[in-house]
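First comes the structure, then the notes that go with it.
Read-outs: derived from the displayed coordinates by stated rules, not from any lab. This one's a predicted model, so the numbers in the text were calculated from it and none came from an experiment. All Cβ positions, even for glycine, are placed from backbone atoms using ideal geometry, and neighbour counts span all protein chains on display.
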Amino acid sequence: MKKLKEKYAKLLLQCLCLEEKDYLFVRLPNYLSDFKKYLEEAASEYALKGIYFDVTDPLKKHELMKHLDQENINKHPFFDHSIYNKYAKLDAAFLFIQSMIPDLMNDIEPKKIKETARYIRSTEEYFRKLYEADKLNWCIAGVPNEVWAKKGLNMEVDDLWRLIFKVCLIDEKNDPYVKWQQKLDQIDETAKKLTHYNFEYLQYKNKLGTDLKVFLPKNYCFASGKDKFGRIVNMPTEEVFSSPQYDKVEGIVYASKPLFYNNIMIEDFYLEFKEGKVVSYDASSGKEILKNIIETDETSCYLGECALVSYNSSISNTGVLFKETLYDENAACHLALGRGFAECVQTKLKGEDLRSVGINESKTHVDFMIGTDDLEVIGVTYDGMEVTIMKEGNLVL
């Protein structure tokens, strides 16, 4: 297990192409001190000028949010993330380690969660500017903890580690980074095919009731989890994705998996769209949280991403709902409310100007899963040609 963890830490830094960087910024929770040591050892192989560990305390965050009003939350240094701006200005590479605690925020008022997230984003202005313009070097990955494994997934933490090693292609013999380069080359080929067809729109249908038409901007392109510089931004990744024409989405879509947002579960929900905008929605649980996502800002009610993932993917085939979007979104086709991607349209425009070419601009980006074993996706070109992209939940291009 120790050797596999060392390999995993090394892989995460390889994803960032650190040979080109002087500084590394790592965000991880305080209960992952053992894995922090693995990252320090892996980082020692690079000629970095500095490493900054932003060690977070989710339990402290919960207590502060529970006992402070919004005015005092906004004054408390715990919620000031301006350090992100400092390292963004140093052109640092950013590694974000996720390790959830189930149900942690269940007793916090949804409005307070929304307003606190908005305040935190306001302290990261320069960092966010680079991130949203696709100019930030970053990668996001997961590391198990006992509460996530036992309470969230009813398994031992070492079993969760083994699952993560499996879906991240970590084994005793092979170089996982080489294996990922080979896999992403294949995914990139699919992205090129989807771009080449020049579809006007995608039509989604399944037996859950999804019947959704998603138009694509002129000059759209599909991308993978490898950015234009060859860096891997998600570990693991299975998706090809693009950004819809934000104001041309019509129909209804049903979530195929629960959405865990800020450690709160939203279940059995649907969204109905008209002229791109969510016009109705419901959920069996977490409806107020869903409402807050949709109403984060004036444009969070529009889509920013449409991603295609085969139902027969390595993550889906584990049969595990990880309750962590990083993994669950790569087990199923998904959409995202909020911000779209600058790299998914051929333009030099940035920020709010992207809306003029159809890409949504928002303060948020929230993925939710819609893939099923019977999902069909048809691409329709401007001359009316229909191309089957997905059949019985799987990519067939």
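Summary table
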{"item": "Protection proxy ranking of 331-339, 174-182 - average other beta-carbon atoms within 10 Å, highest first", "result": "331-339, 174-182"}
{"item": "Semi-axis lengths (Å, descending) of the ellipsoid that matches the C-alpha gyration tensor of region 182-278", "result": "25, 20, 12"}
{"item": "Across Lys21/Lys129; Lys228/Lys274; Lys151/Lys226; Lys135/Lys183; Lys49/Lys192; Lys21/Lys179, pairs whose alpha-carbon gap is larger than 31 Å", "result": "Lys228/Lys274; Lys151/Lys226; Lys49/Lys192"}
{"item": "Rounded Å value of the spacing that divides the Cα centres of region 186-211 and region 216-256", "result": "10 Å"}
{"item": "Cα gyration tensor shape of region 2-167, rounded if a/c is under 1.5, else prolate or oblate by comparing a/b with b/c", "result": "oblate"}
{"item": "Relative contact order (percent, whole number), region 2-167, Cα cutoff 8 Å, 6+ residue spacing", "result": "28 percent"}
{"item": "Region 85-159 shape via C-alpha gyration tensor axes, a/c threshold 1.5", "result": "oblate"}
{"item": "For the chain, the fraction of alpha-carbon pairs in successive 20 Å shells from zero, as %", "result": "27, 62, 11"}
{"item": "Helical contribution to [θ] at 222 nm, DSSP H n ≥ 4, -39,500 (n - 2.57), averaged over the chain, rounded to 500", "result": "-8500 deg cm²/dmol"}
{"item": "DSSP bridge orientation in the chain - percent antiparallel, rounded to nearest 5", "result": "70 percent"}
{"item": "Shape category assigned to region 245-345 from the gyration tensor of Cα positions, a/c cut at 1.5", "result": "oblate"}
{"item": "Residue-span extension gain [Asn174 to Leu90] - 0.36 nm each, minus C-alpha spacing", "result": "26.8 nm"}
{"item": "For the chain: relative contact order, % (alpha-carbon pairs under 8 angstrom, 6 or more apart)", "result": "15 percent"}
